[in-house]
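Asker: The structure follows.
The values are calculated or read from the model by the stated rules, or taken from the named source; none is laboratory data. Predicted, not measured: the structure shown is a model, and the values here were computed from it. Glycine also receives a Cβ, built like all others from the backbone with ideal geometry; neighbour counts cover every protein chain displayed. What goes into the accessible areas is simple: the full protein's heavy atoms, side chains included, and nothing from ligands, DNA or RNA. Shrake-Rupley method; radii C 1.70, N 1.55, O 1.52, S 1.80 Å.
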Amino acid sequence: MIGIGIDTGGTFTDAVVYDMERQKILCSGKTLTTKAHLEDCIAAALDLLDPVYVKQAELLALSTTLATNACLEDKGSRAKILMIGMNPECMPNLREVYGAYGFRDPEELIFIEGKPEHLFEQPQEPDWEELEGKASRWFAQCGAVGVLQAFPRANGGRFEKTAKEILKKKLGVPVTTACEMSDEVDVLRRGAGTLLNTRLIPLIAEFFQAVKHVMEERNMKMPLAIMRSDGSLMSEEMAREYPVETLLSGPAASLVGGSALAGQANAVIVDMGGTTTDVAMVRDKMPLTSQGGIKIGPWKTTINGVYVDTFLLGGDSAVRFREGRLYLDGRRVIPLSFLAGRYPQVREKLAALGRQKRTHTRMLHEFYVLQRSIAGQPGFTEEEQALCRALEQGPLPIEELAEAVKGDIYTMKTERLEAEGILMRSGLTPTDAMILKGDFPGHSGEAAGEALRFIARNLGCRPEEIPDQVYGLVEKKLYCNLVRILLNLEHPGQQRTLEQENIETFIGLCYEKARRPERVSWMQVPFTVKFPLVGVGAPIHIFLPRVAAMLGTRAAISKDAPVANALGAIASQIVTRIRVRVKVEYRGAEFLGFSVYEGTKRNLFRDYRQALDLAEKLARAQVLEKIRRRGGFENPAVQVEFREIGGKGSNLPMLFETIVEATAVSAFRL
């Protein structure tokens, strides 16, 4: 079977055609991501593929940064969450606590009373008539709604499910219940994930609409799948209902694609992109997953995803100088070589700067580039409007821009325009250094070469020495962060110690020692890595092999590493897990039995084995239904595990509950 994988990253959008039976990439393409119009870059990536193979494809799988970016930027459509059984009077006292989970606006929370049966001596049914009568006013203009109740395990989430039916009937919008997403105990974490999911539902719907429009234009008739945060696929139907599960879709795709290319059972996956480097792990051919739910931007969620550590290092990281030394800034800028390819005047202006004999503390070689117009838009100062007007005819270096708005380079205020993506800078980057050294073919490095003359004067060195210095900065940052990440994994209880500044200094000293092993020394380098480093991303082949050698291991880099994320999207399978709980019930000191919920119905057994049998039966049936909805085959193999909380072999005096977890794995059903 032939499938197409597409990854929309922060800098590039990649596409591959993949033969899933032979596990072979047939062709691939890479284009720049158009963040404001993802439809354009998806279309451009598809058009780079061999049309003969595209016509034979039977599945299109996607990985996208849409949900991740919405979290990081705290964006999303209008949504609210109904909170059943929580006290609104506590809100002022818990404002900071709620905010720590991602809740920002108290108006997003609607409270009604309710106490579930089997827990309270005097249970209280929510006022369903009030909800039905006020729903239209409470949730006016919402694109989606969430429902959360306190203590859902006490009645199988019955309050949430009842409220969902009422709201769907009254509002006609998607409704997400917290109990269907997670059985997490932390009510605020469940609520944050639920609210975030409702905010993302209209966004993912727009994304699918754009993808389908591209497919219709090319007469592509095939099902869609999307990469989940745990490295598995799910269907379009499920993604529309639970878009929050696509958080970290891109890093998950790089992990799956990288391990598929390397064929390693155990490996460290290192994905270097334009802005960041993502590090993930594979153990026994399975991705290492995060514990306790994904935390991203202001949101703490219950969504389980691949373990990934991200740090600011990429081909487009700004290379700057301070006090006579180069350093890597976390800011992403447009490489000068790329900018000059579009605007020839950039090289001329840099050449003029290079001929001058002055030095400066400011980055005079950097340009400002207009990304989108704000003409006529309210909320911007006259200076901000003037800055954008000055750049409408093309990019300008900082001094010329200041002169155009009758200001100076020290007081010119561009911070807000840059933060909102209206302006972007262009400057020297590791990509420029790669082009100058001949490691990134297909682009001219003349403009970057001219910028080196100005930078070299400020450093007191020769221009031709700078690309090697840039390589050294990237190498050191990659080494130090890999050691930091692996130390955190090896010693999870020492996180506070490992975050101290002196640890960074120590790791830096180890890098200097590893970089020059030929020097006679009394001590050996302390850090070695047992597993290979698998490289993903366009620039990784330049930097990873030497870092791997310093860590006593090897770098595994395939020729298809630049498109590994797109490969990961199509090479993945569907993995589904369901948990059913057998809870030990007491009334005071009186033992009542073992309860198992079947929907909202509570089954109570005196015999433990009978309770386990029903829980296993329910888990198997539910996991098969869920994997079918995610797009898998009807009857995949199912594995069931039993985990007791308390009792024998634990520090707890008695058995509290048993978790019955069923796992099913399947290829995508066409």
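Asker: How many residues, within segment 105-148, are open to solvent by 40 Å² or more (accessible area, probe 1.4 Å), part of a loop (DSSP other than H, G, I, E, B) and either within 22 Å of Tyr242 (Cβ to Cβ) or small (Gly, Ala, Ser) (or both)?
Answerer: Matching residues across segment 105-148 total 1.
Asker: Exactly one condition in (1) assigned to a loop (DSSP other than H, G, I, E, B); (2) free of Cβ contacts under 8 Å to residues at least 40 places away in the same chain is false for Ile409; which is it?
Answerer: Ile409 satisfies every listed condition except (2).
Asker: Looking only at segment 551-579, how many residues end up being crowded, with 24+ Cβ neighbours inside 10 Å, part of a helix (DSSP H, G or I) and either over 21 Å from the mean Cα position of the chain (by Cα) or not β-branched (Val, Ile, Thr) (or both)?
Answerer: Residues meeting the conditions: 7.
Asker: Turning to a different aspect of this structure: State which residue is nearest to His360 (Cα to Cα) when the search covers only segment 407-429 and only residues that are over 33 Å from the mean Cα position of the chain (by Cα) and open to solvent by 30 Å² or more (accessible area, probe 1.4 Å).
Answerer: The qualifying residue nearest to His360 (Cα to Cα) is Tyr410.
Asker: Which numbered condition in (1) open to solvent by 10 Å² or more (accessible area, probe 1.4 Å); (2) out of contact with any strand residue (DSSP E or B) (no Cβ under 8 Å at 6 or more places or on another chain); (3) among the β-branched types (Val, Ile, Thr) is the only one that Val244 fails?
Answerer: (1)
Asker: Follow-up. Quick check, is Ala100 modelled with pLDDT under 80 and outside any strand (DSSP E or B)?
Answerer: Here the answer is yes, as Ala100 does meet what is asked.
Asker: Moving on to the next point. For segment 150-186, which positions are assigned to a loop (DSSP other than H, G, I, E, B), touching a Ser or Thr at 6+ places or on another chain (Cβ under 6 Å) and of a type outside the set (D, E, K, R)?
Answerer: Within segment 150-186, Gly156, Ser182 meet the criteria.
Asker: Can you pull out the residues in segment 582-614 that are in contact with a Gly (Cβ under 6 Å, 6 or more places away or on another chain) and assigned to a strand (DSSP E or B)?
Answerer: Glu585, Tyr597, Leu604, Phe605
Asker: Of these, Lys221, Lys285, which one is more than 30 Å from Pro467 (Cα to Cα), over 14 Å from the mean Cα position of the chain (by Cα) and at pLDDT 90 or above? Walk me through how you get there before you give the answer.
Answerer: Numbers: Lys285 fails: at pLDDT 90 or above.
The unique qualifying residue is Lys221.
Asker: Got a number for residues in segment 515-550 being aliphatic (A, V, I, L, M), open to solvent by 10 Å² or more (accessible area, probe 1.4 Å) and free of Cβ contacts under 8 Å to residues at least 40 places away in the same chain?
Answerer: Result for segment 515-550: 4.
Asker: Quick check, is Ala253 more than 15 Å from the chain's Cα centre (by Cα), in a helix (DSSP H, G or I) and crowded, with 18+ Cβ neighbours inside 10 Å? Before you say what the answer is, go through the steps one by one.
Answerer: Numbers: more than 15 Å from the chain's Cα centre (by Cα): no; in a helix (DSSP H, G or I): yes; crowded, with 18+ Cβ neighbours inside 10 Å: yes.
The answer is no for Ala253.
Asker: Of all residues being of a type in the set (D, E, K, R) and closer than 16 Å to Arg577 by Cβ in segment 626-659, which is least open to solvent (accessible area, probe 1.4 Å)? Just the residue, please.
Answerer: Among those that are of a type in the set (D, E, K, R) and closer than 16 Å to Arg577 by Cβ, it is Arg630.
Asker: Something else about it: Please go through segment 158-196 and pick out each residue that is open to solvent by 30 Å² or more (accessible area, probe 1.4 Å), more than 24 Å from the chain's Cα centre (by Cα) and among the acidic types (Asp, Glu).
Answerer: Result: Glu165, single match.
Asker: Let me ask you something else. Report, ordered by the first and then the second residue, all pairs with beta carbons closer than 7 Å, sequence separation of six or more or different chains, a first member in segment 158-169 that is of a type in the set (Phe, Trp, Tyr), and a second member that is open to solvent by less than 20 Å² (accessible area, probe 1.4 Å).
Answerer: Phe159/Ile84; Phe159/Gly114; Phe159/Pro116; Phe159/Pro126; Phe159/Gln149
Asker: Related question: Scan segment 584-597 residue by residue and report those that are open to solvent by 80 Å² or more (accessible area, probe 1.4 Å) and within 19 Å of Pro152 (Cα to Cα).
Answerer: Answer for segment 584-597, where residues must be open to solvent by 80 Å² or more (accessible area, probe 1.4 Å) and within 19 Å of Pro152 (Cα to Cα): Tyr586, Arg587.
Residue by residue, here is whether (1) over 30 Å from Arg283 (Cα atoms); (2) surrounded by fewer than 15 Cβ atoms within 10 Å (Cβ to Cβ); (3) without any contact (Cβ under 8 Å) to a residue 12 or more places away in the chain; (4) in contact with a Phe, Trp or Tyr (Cβ under 9 Å, 6 or more places away or on another chain) holds:
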{"position": "Gly442", "(1), (2), (3), (4)": "yes, yes, yes, no"}
{"position": "Gly445", "(1), (2), (3), (4)": "yes, no, no, no"}
{"position": "Cys461", "(1), (2), (3), (4)": "yes, no, yes, no"}
{"position": "Tyr479", "(1), (2), (3), (4)": "no, no, no, yes"}
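Asker: Please find, among Glu216, Glu206, the residue that is assigned to a helix (DSSP H, G or I), modelled with pLDDT under 90, open to solvent by 10 Å² or more (accessible area, probe 1.4 Å) and at negative phi.
Answerer: Answer to the check: Glu206.
Asker: Read through the list (1) touching a Gly at 6+ places or on another chain (Cβ under 8 Å); (2) at pLDDT below 90; (3) of a type in the set (Lys, Arg), then give the number of the only condition that Arg628 fails.
Answerer: In the conditions (1) touching a Gly at 6+ places or on another chain (Cβ under 8 Å); (2) at pLDDT below 90; (3) of a type in the set (Lys, Arg), Arg628 misses (1) alone.
Asker: Next up: Of all residues in segment 277-324, which are polar (S, T, N, Q) and open to solvent by 40 Å² or more (accessible area, probe 1.4 Å)?
Answerer: Narrowing segment 277-324 to residues polar (S, T, N, Q): 277, 289-291, 301-302, 304, 310, 317.
Within segment 277-324, Thr289, Gln291, Asn304, Thr310 meet the criteria.
Asker: A further question on this structure: So which residues in segment 328-363 are open to solvent by less than 50 Å² (accessible area, probe 1.4 Å), in contact (Cβ under 8 Å) with a residue 40 or more places away in the chain and assigned to a helix (DSSP H, G or I), if there are any at all?
Answerer: Leu336, Ser337, Leu339, Ala340, Val346, Leu350, Ala351, Leu353, Gly354
Asker: Mind listing whichever residues of segment 260-273 are farther than 14 Å from Leu478 by Cα and open to solvent by 10 Å² or more (accessible area, probe 1.4 Å)?
Answerer: If the condition is that a residue be farther than 14 Å from Leu478 by Cα and open to solvent by 10 Å² or more (accessible area, probe 1.4 Å), then Ala260, Leu261, Ala262, Gly263, Gln264, Ala265, Asn266 are the ones that fit.
Asker: Something else now. Being part of a helix (DSSP H, G or I), under 17 Å from Leu364 (Cβ atoms) and under 35 Å from the mean Cα position of the chain (by Cα) is the filter here, so list the residues in segment 388-406 that pass it.
Answerer: Hit for segment 388-406 is Ile398, nothing else.
Asker: A further question on this structure: List the pairs whose first member sits in segment 573-599 and is within 30 Å of Gly3 (Cα to Cα), whose second member is open to solvent by 40 Å² or more (accessible area, probe 1.4 Å) and not in a strand (DSSP E or B), and whose Cβ atoms are under 8 Å apart, counting only residues at least 6 apart or on separate chains?
Answerer: Qualifying pairs under 8 Å: Gln573/Ala667; Ile574/Ala667; Thr576/Lys626; Ile578/Gln622; Ile578/Lys626.
Listed here are the residues, each with its yes/no results for (1) modelled with pLDDT of 90 or more; (2) closer than 30 Å to Ala253 by Cα.
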{"site": "Ala318", "(1), (2)": "yes, yes"}
{"site": "Leu370", "(1), (2)": "yes, no"}
{"site": "Phe380", "(1), (2)": "no, no"}
{"site": "Val405", "(1), (2)": "yes, no"}
{"site": "Ile409", "(1), (2)": "yes, no"}
{"site": "Met412", "(1), (2)": "yes, no"}
{"site": "Glu420", "(1), (2)": "no, yes"}
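Asker: For residues in segment 430-480 being among the polar types (S, T, N, Q) and under 34 Å from the mean Cα position of the chain (by Cα), which is farthest from Met272 (Cα to Cα)?
Answerer: Result: Ser444.
Asker: Just wondering, is there one or more residues in segment 300-321 that are basic (Lys, Arg) and closer than 22 Å to Gly449 by Cα?
Answerer: The answer is yes, given that some residue of segment 300-321 is basic (Lys, Arg) and closer than 22 Å to Gly449 by Cα.
Asker: Also: Tell me, yes or no, whether segment 371-393 has at least one residue that is within 11 Å of Ser426 (Cβ to Cβ) and β-branched (Val, Ile, Thr).
Answerer: no
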